[in-house]
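Structure first, commentary second.
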Amino acid sequence: DFCLSRGLGDVYKRQVRWWTFEGDASQITRDASGAPTGLKPSVYTDFDAAIALANKYDLAFDFVLFSAQTGLPTTWFTNPDQRQELANVLAPLFDHYKNNPRILAWELLNEPEYDIWGGKIPEDAAQATVKLLASTVHAHTANAVTVGSATLDGVLMWTGLGLDFYAPHWYDHMDTGLQCARCVDVPTVRTTYGIDSIPIVVGEFQGTPETDTLQRLKDFR
């Protein structure tokens, strides 16, 4: 996955979206109650290897922390104490790679709206988690923080929570209304949703050989 950015700090020709704690986040240790307690040492080994690749090939990473809420213990979102423990576990990671120019952003969640719309996670619990983790990122580093929204209209769920840019996804079936990122411009989106002026980045889209990839990039910009 690749993204385009403007006004997000240093600009690299190759910005790569890299999944980190995908699935059940087995790299995070837990106590008997399932609460997060720490990171396995191999996490830092892997991140060091990624940064080394970035330095070698002139890359910048958007590290996606978690794929979906339902892949994780729901109490990490719904229990305020475990939510804070999750932030405490991740804080040393943010601090260890503080202000690294090879990190474009920490992307907290991927398409969390689907679990919310499906009634699997309460919206307020997801929002509280995003707000806490965003503030934790900002307390330890100047790197940006975002959420990979399932759709363009999904960004409305994350306003006012401390994100540095919105990163909605777009696919071909999203071809009408304000979900159609190729059909609307940024002022229209801002006016309709009443959202703030932070950048909007198309964080995920289909760009395979059978599509008009170059035209899509031009449309999004």
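The values are calculated or read from the model by the stated rules, or taken from the named source; none is laboratory data. What you are looking at is a predicted structure, and each value in this text was computed from that prediction instead of being measured. When we count neighbours, we look across all protein chains shown, and the Cβ atoms used for this are built from the backbone with ideal geometry, even at glycine. SASA here: full protein model, heavy atoms, side chains in, ligands and nucleic acids out. Shrake-Rupley method; radii C 1.70, N 1.55, O 1.52, S 1.80 Å.
Of all residues in segment 152-164, none satisfies being more than 18 Å from Asp115 (Cβ to Cβ), in contact (Cβ under 8 Å) with a residue 24 or more places away in the chain, open to solvent by less than 50 Å² (accessible area, probe 1.4 Å) and more than 18 Å from the chain's Cα centre (by Cα).
Can you tell me which of Thr129, Thr146, Thr176 is hydroxyl-bearing (Ser, Thr, Tyr), out of contact with any Pro (no Cβ under 8 Å at 6 or more places or on another chain) and surrounded by fewer than 18 Cβ atoms within 10 Å (Cβ to Cβ)? Quick ask: steps written out before the conclusion?
Values: Thr129 fails: surrounded by fewer than 18 Cβ atoms within 10 Å (Cβ to Cβ); Thr146 fails: surrounded by fewer than 18 Cβ atoms within 10 Å (Cβ to Cβ).
Testing whether each residue is hydroxyl-bearing (Ser, Thr, Tyr), out of contact with any Pro (no Cβ under 8 Å at 6 or more places or on another chain) and surrounded by fewer than 18 Cβ atoms within 10 Å (Cβ to Cβ) leaves just Thr176.
The set of residues in segment 13-26 that are open to solvent by less than 50 Å² (accessible area, probe 1.4 Å) and under 16 Å from Phe94 (Cα atoms) comprises Thr20, Phe21.
Residues are listed down the side, and each one gets a yes or a no for (1) among the basic types (Lys, Arg); (2) over 20 Å from Ser67 (Cβ atoms); (3) touching a residue at least 12 places away in the same chain (Cβ under 8 Å); (4) in a loop (DSSP other than H, G, I, E, B):
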residue	(1), (2), (3), (4)
Thr136	no, no, yes, no
Ala139	no, yes, yes, no
Thr146	no, no, yes, no
Asp172	no, yes, yes, yes
Leu178	no, yes, yes, no
Cys183	no, yes, no, yes
Thr191	no, yes, no, no
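Which count do you get for residues in segment 183-205 that are within 21 Å of the chain's Cα centre (by Cα), open to solvent by 60 Å² or more (accessible area, probe 1.4 Å) and of a type outside the set (Asp, Glu)?
2
Residues that are open to solvent by 30 Å² or more (accessible area, probe 1.4 Å) and either closer than 14 Å to Thr129 by Cβ or in contact with a Gly (Cβ under 7 Å, 6 or more places away or on another chain) (or both) within segment 72-103 comprise Pro73, Thr74, Thr75, Thr78, Asn79, Pro80, Asp81, Arg83, Gln84, Glu85, Asn88, listed in sequence order.
Take the conditions within 17 Å of the chain's Cα centre (by Cα), open to solvent by less than 30 Å² (accessible area, probe 1.4 Å) and within 23 Å of Arg17 (Cβ to Cβ) and apply them to Leu59. Does it pass? When the stated conditions are applied, Leu59 does not pass them.
The set of residues in segment 29-49 being surrounded by 19 or more Cβ atoms within 10 Å (Cβ to Cβ) and assigned to a helix (DSSP H, G or I) consists of Phe47 alone. For segment 26-43, give me each residue that is farther than 14 Å from Arg83 by Cβ and of a type in the set (A, V, I, L, M, F, W, C). Once the filter is applied, which keeps residues that are farther than 14 Å from Arg83 by Cβ and of a type in the set (A, V, I, L, M, F, W, C), segment 26-43 yields Ala32, Leu39, Val43.
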